[in-house]
Amino acid sequence: MTGPHAALVRTYVPALVGAGASVLIARSLPFSPFFLVPIGIVALTRGALPLVLTVFLTVAINLFTVFVSIGSEVARINMVSLISDSAYFLVLVSSFSWAAYHNDESERRFFSRLSWRFVFAAIGSSLVLFPIILIARRDQSLVAFFNIQAAAIADAFKAGAGSDVVQRSLMEKEMTVESIAKTFSLVISRGAVIGHLIFFGVSWRIAFVIASFRLPSLRTRHFFMFFRNDAFLVWVLIFTLIGVMSTKMIGNEIFVAVVWNLLLLCVFLYVIQGMAIVAYNLSRPGVPVMLRPLVVFLAALIIFRPGINAAAAVALAIVGVAENWLPLRVPINNEPPSTPEA
């Protein structure tokens, strides 16, 4: 097929397939966290027009399936909640698409680089999420549903205590609906930006791996082990640390949410830089080949060990910050030049 018809097929078919796959995954409970992956594949392998069409079709199909799934119950649904949910879905899809779309020219501009696009996308999505949470708190049906889920979580933890009387007693005191609700509120208010950033980053990485099978040239575009934050970020980290320490004096809820989100964002970016430093030095000539999979295996174990994973994250962040003053990545022969990525 050649000519205009071929161009139409190359434009509309990927958009329709990507949108359909995204909505299908979003509606499949076990795989719903990966609904952005098909959109990421379109962003990496197709042009701007197919990507825009994918976003439009994804939002439209999702809205249609929502109305079909609720059927005759639509009159009982809080329309404000329905509109808020659809708006949040639109922001997630559109912001991720903008961040994931690759443009060689944009990578040369400071605030258009890949890492900053994802940071801005995460911040934008978080700003939309906060008013939705306020709306949800006033929806009694949603509050009742959350309380039921929180009670189920508390019961599951209590059941996990088994016959240990002491542990079960502690669980009954600590794992209450109120404590779960408070923890959830703290996580959402203080970790919304980093949560969105991780969500977008994982989705993009999976899409990148899949897309690289179709376009092998993608593998040469991004070098994780050369990732480095811009120097000014350390000052943002310092000021947010001061801000967090002053939250007891400044009890404003918005101020607390802002400084905690910025602090966790900076720490996360420096954790990534620390990981890049480790990856860089593991790739140096003379490093035993078996050491690399061993480090990956140990890292996987650490990630799933509460307490240890936090200590490891802090250590990696310190390594990342230290590179502002120490030469932790001595150039390897025949390597491309290291450029700032965040």
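Just so it is clear, none of the values below were taken in a lab; they were calculated from the coordinates. All of these numbers come straight from a predicted model, not from anything done at the bench.
Data overview
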quantity: Euclidean distance of C-alpha centroids, the range 6-53 and the range 217-286, integer Å; calculated: 30 Å
quantity: Gain in span if fully extended, PHE239 to ASN324, counting 0.36 nm per residue against the direct Cα distance; calculated: 28.9 nm
quantity: For the range 33-47, Karplus couplings with θ = phi - 60° (6.51, -1.76, 1.60), whole Hz, Gly/Pro x; calculated: x, 9, 5, 7, 4, x, 5, x, 5, 4, 4, 7, 10, 10, x
